[in-house]
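Report on the following structure.
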Amino acid sequence: MFVRPIFPLALVAALVSCAPPIQRPDPLPEPQRITPQEWAATCTEWDEWDKPAPPYLIHGSTYYVGTCGISAILIAGDRGNLLIDSGTRAGAAIVLENIGKLGFRPNEIASLLHSHEHFDHVGGHALVKEASGAHVVASRRAAEALRTGEADPQDPQLGMHEAMEPVGVDVIVDDGETVRTETAMLMAIATPGHTPGALSWQWKSCERGGECLSIVYADSLSPVSRVDYRFSDHPEYIAEYRAGLQRLREVKCDILLTPHPSASNMVERAASGSLEGGMNCIQYADAVEKRLDARLAKEAESE
């Protein structure tokens, strides 16, 4: 015969009274709905890296959550969000606050991606990972810089930037590989040049009404270096640089975003009410290659 154990009511009451209270997260404020024009009115074309800026919807489920001077892009999904770049450590605190203003929690960030491995764009990765538990995704060349907090020895700007707080890397991506949520698939585009491990990202963004656009977050790519560095002394690096620019030209690019908003006239475009149109990826890559050619010509003159 089956006998069901029966606990005395007093024991049940005691167990209930000893149970830890249910932990409920603090309620989020009502999500803010900031227009691109409001963001543009707050920021100038060349602005400070850690100057707070309001978050705003770019298109579909893609949001700008960075500061006035440094971009950070959130791609939201029902089962996890993706964040590209964190800014400086001080800027990362603003990024996390902006994410909250949109009605999302830090622990909803599933993966943390990067553009290039300098402290002004990934210096806040450790803070964001600590706050969110997100997986850090990096290119092979950028991974060591993130893990150590030190610049790659082959970085043209080696010695120009302060060290970063190290952060563990969970996932390595190569050119053409993807990072996915149930609502978005981001493709990594290897675009070395500004740094050896730089990545650009492309994804399809869809509005609820059905309109879909291709968004590209293109790395800085500018041929900037320390005084004693000569790009012409590194022909293999130049070849990789140009190959990355060509990859960028070949992707569909309805909306161009950049780690520094000023690099693609994001303030001017936002002021018009939409970031669609204006500079595209081909124009951006052509402008960068023109600067690279000018730099190489200048180096040749000094030989």
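Here, each number is a calculation from the coordinates, and none is a lab measurement. Not measured: the values here are computed from a predicted model. Cβ coordinates were reconstructed from backbone atoms using ideal geometry, including for glycine residues, and neighbour counts include every protein chain displayed.
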Using Cα positions and a limit of under 25 Å, work out the lysines in reach of Lys204, with same-chain residues fewer than 8 apart set aside.
-> Lys101, Lys252
Under 5 Å between amide H atoms, partner at least 5 residues away or on a different chain: which partners does Ile109 have, H built in plane at 1.01 Å?
-> Asn81
Label points 7 Å out from Cα along the Cβ direction at His161 and Asp286: separation in nm?
-> 2.9 nm
Binned at 5 Å starting from 0, the alpha-carbon pair-distance distribution of region 53-92 in whole percents comes out as 6, 26, 32, 22, 11, 4
In debye, nearest 20, what is the charge dipole magnitude of region 34-301 about its Cα centre with +1 on Lys and Arg Cβ and -1 on Asp and Glu Cβ, if you could check?
-> 400 debye
Calculated [θ] (222 nm, deg cm²/dmol) that DSSP helices of n ≥ 4 give over the chain, each run adding -39,500 (n - 2.57) | -9000 deg cm²/dmol
Per-peptide average of other Cβ atoms within 10 Å, ordering 243-251, 291-299 highest first = 243-251, 291-299
Give the long-range amide H neighbours of Val136: residues separated by 5 or more places, or on another chain, with amide H under 5 Å away, using H modelled in the peptide plane at 1.01 Å from N.
-> Leu112, Asp170, Val171
In region 213-260, what chymotrypsin sites (Phe, Trp or Tyr not before Pro) fall in a loop by DSSP, with at most 12 other Cβ atoms inside 10 Å?
-> none
Phi-based couplings in Hz for region 94-104 (Karplus 6.51, -1.76, 1.60; Gly and Pro marked x) = 5, 4, 4, 5, 5, 4, x, 5, 7, x, 10
Cβ crowding within 10 Å averaged over residues, with 204-215, 64-75, 273-284 ranked highest first | 64-75, 273-284, 204-215
Along the charge dipole of the chain, which of Thr62, Ser262, Leu296 sits closest to the positive end, that is, farthest toward it, with unit charges on the beta carbon of Lys, Arg, Asp and Glu (+1, +1, -1, -1)?
-> Thr62
What full-extension length gain, to one decimal in nm, is calculated for Glu301 and Gln246 as 0.36 nm per residue of separation minus the Cα-Cα distance?
-> 17.1 nm
Taking the Cα centre of each part, how many Å lie between region 169-202 and region 249-303?
-> 19 Å
Looking at region 41-147, which GluC sites (Glu not before Pro) are in a loop (DSSP not H, G, I, E or B) and have at most 16 other Cβ atoms within 10 Å?
-> Glu45, Glu48
